[in-house]
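Here is the structure we will look at.
The values are calculated or read from the model by the stated rules, or taken from the named source; none is laboratory data. It should be emphasised that the depicted structure is a prediction, and the values quoted were computed from it without experimental measurement. Counting neighbours? That spans all protein chains shown, and the Cβs are built from the backbone with ideal geometry, glycine included.
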Amino acid sequence: MRRGLIARSKAELPDAVLDARLARVRAAMGEARLDAIVIYTNNTRPAGVSWLTGFVPYWSEALLLVPRQSDPILVVALTYRVKSWIERTSRVAEVIHTPRIGLEAARLLAANKPDAAVGMVDLDHLSAGIADDFREGGPRLALNDASELFAQARAKADPAEIALAAKAASIAHHALSQIRGDGTDLGKTIAAAEAAARELGAEEIYLAAAPDLSADHRLRRIEGTVAPGRSFAVRASVAYKGSWVRLVRTIGCDRTEDAAARLADAVAQLPGARGFADFPSWLVEGCRVAQPLEPLMGARVTPARSPAPGMLVSVQAQIDFGGESILTGAPALVGGAGEPARLLVSPIFD
């Protein structure tokens, strides 16, 4: 369950932006001869529905119905008491409440066209119970996997999406600036970083740390009192208005500027991986369908998926300098039309 405030800002996410995204998806549906697509959402896989409607669930689950020729409908397994909140934070024609979202969604689609061709986005991650209910509610509906269709339609970030990611990155930057390198208990400074992010409107923030880089490079959740080593790293994963980014900071090392420059050079070569060849470890994450930060390519990602031109990603890397390791990372925008990819913010801190 999320803990931060979720509220829609029409200044940051105007109706016209959501309408344009819907038009892109419908154009793809027309080419694929689909009558409708259905997108599942919950608090761990919210990104597909939030991109089209602005809806981000605190908990529970829902199905978004996108008919090719009528307005979207959200079928939710939430109680009726949250109806007004969903309507305030989402751009949908109707919100329907039911404990069996698959059954109701299929009935709605079948009532309009019993043998409709339906594309299910993220079909492989749909629970068996919802899938069975869907088939019960619409036994003649022709169900297909529309994950790739949707991924291609949403791949290139629009200006509003880039602006939200930049805002999330600025929140992460401010939060990590609270981390102190004076030997203070790491748990206390991480708590201060989380509080700073919440004050700036973060819907969620997850902080992980490698408390002593001379002993272990793995990032983990910090619980209790932890004394940092001479050099340590902290990663902030921040959500703002449905946009997720990661930012990684190393404290206690005098080569962070060199590491940031090498990261920027590697990022500039995306969507290719050649720039990361000399890094002991690296990872590129992005949103293709519903998972906000899906591993796309990296030192231990198999099979790799090259990010699409114009796609927003978050990049992390371990960079070594003469036996000293630095963890660094920041969100980036993949280049397109001959333009190099670039970091949205610098991982360097004053």
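Name the one entry in ARG81, ARG88 that is under 24 Å from the mean Cα position of the chain (by Cα) and either outside the structural domain of VAL25 (by TED's automatic domain parsing) or surrounded by fewer than 20 Cβ atoms within 10 Å (Cβ to Cβ) (or both). Spell out how you get there, then give the answer.
Working: ARG81 fails: under 24 Å from the mean Cα position of the chain (by Cα).
Checking each option against the conditions leaves just ARG88.
Residue-by-condition table, conditions (1) of a type in the set (A, V, I, L, M); (2) in contact (Cβ under 8 Å) with a residue 40 or more places away in the chain; (3) farther than 22 Å from GLN291 by Cβ:
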position	(1), (2), (3)
GLU87	no, no, yes
HIS97	no, no, yes
ARG100	no, no, yes
LEU109	yes, yes, yes
ASP115	no, no, yes
VAL121	yes, yes, no
HIS125	no, yes, no
GLY129	no, no, no
**OP:** Identify the single condition in (1) of a type outside the set (Lys, Arg); (2) assigned to a loop (DSSP other than H, G, I, E, B); (3) within 21 Å of ILE171 (Cα to Cα) that LEU78 does not satisfy, given that it satisfies every other one.
**Re:** (3)
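The rows are residues; the columns are (1) more than 19 Å from the chain's Cα centre (by Cα); (2) not in a helix (DSSP H, G or I).
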residue: ALA16; (1), (2): yes, no
residue: ALA20; (1), (2): yes, no
residue: MET29; (1), (2): yes, no
residue: THR41; (1), (2): no, yes
residue: VAL49; (1), (2): no, no
residue: PRO57; (1), (2): no, yes
residue: LEU64; (1), (2): no, yes
residue: SER70; (1), (2): yes, yes
**OP:** For the range 291-328, name all the residues that are farther than 19 Å from ARG262 by Cβ and of a type in the set (Val, Ile, Thr).
**Re:** VAL301, THR302
Original post:
Would a scan of the range 306-316 turn up a residue that is within 20 Å of LEU219 (Cβ to Cβ), among the hydrophobic types (A, V, I, L, M, F, W, C) and free of Cβ contacts under 8 Å to residues at least 60 places away in the same chain?
Top reply: yes
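Here is a yes/no grid of residues against (1) in the same structural domain as GLY310 (by TED's automatic domain parsing); (2) modelled with pLDDT under 95; (3) assigned to a helix (DSSP H, G or I); (4) surrounded by fewer than 19 Cβ atoms within 10 Å (Cβ to Cβ):
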{"residue": "GLY119", "(1), (2), (3), (4)": "no, no, no, no"}
{"residue": "ASP124", "(1), (2), (3), (4)": "no, yes, yes, yes"}
{"residue": "ILE130", "(1), (2), (3), (4)": "no, no, yes, no"}
{"residue": "ASP133", "(1), (2), (3), (4)": "no, no, yes, no"}
{"residue": "ARG140", "(1), (2), (3), (4)": "no, no, no, yes"}
{"residue": "GLU148", "(1), (2), (3), (4)": "no, no, yes, yes"}
{"residue": "ALA168", "(1), (2), (3), (4)": "yes, no, yes, no"}
{"residue": "ALA172", "(1), (2), (3), (4)": "yes, no, yes, no"}
Subject >> Within the range 94-117, considering residues that are in contact with a strand residue (DSSP E or B) (Cβ under 6 Å, 6 or more places away or on another chain) and among the β-branched types (Val, Ile, Thr), the one surrounded by the fewest Cβ atoms within 10 Å (Cβ to Cβ) >> reply: ILE96
